[in-house]
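Below: one structure, written as structure tokens.
The values are calculated or read from the model by the stated rules, or taken from the named source; none is laboratory data. Given the structure is predicted, the values throughout are model-derived calculations rather than measurements. Ligands, DNA and RNA are excluded from the accessible area calculation, which covers all protein heavy atoms including side chains. Shrake-Rupley method; radii C 1.70, N 1.55, O 1.52, S 1.80 Å.
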Amino acid sequence: MIRLNNDTPSAVLQEVKKGDLVTDTFSKTGLVEEIETSDDGLYRIYTFHLVTGRTITIKK
């Protein structure tokens, strides 16, 4: 299981793929269904959509 939060290194965030089991250490745990990455000029934003319907968003 991969723990996703703001302390997670960027290299680990980039290696997450569909089907990986992830958690935000609070209430969101599940398999990754879709991954979106974007850049707002200041932060790189990683959005992980889980099969449970929840979303984990990390700004680095």
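Leaving out ligands and nucleic acids, and using a 1.4 Å probe, what accessible area per residue does the chain come to in Å²?
For the chain, the per-residue accessible area is 66 Å².
Rounded to the nearest percent, how much of the accessible area of the chain (1.4 Å probe, protein heavy atoms only) is carbon and sulfur?
The computed percentage sits at 48.
Match the structure shown to one of the listed values (1) 37, 18, 18; (2) 30, 19, 19; (3) 25, 20, 19 of Cα extents along the principal axes in Å, computed from it, and give that label.
(2)
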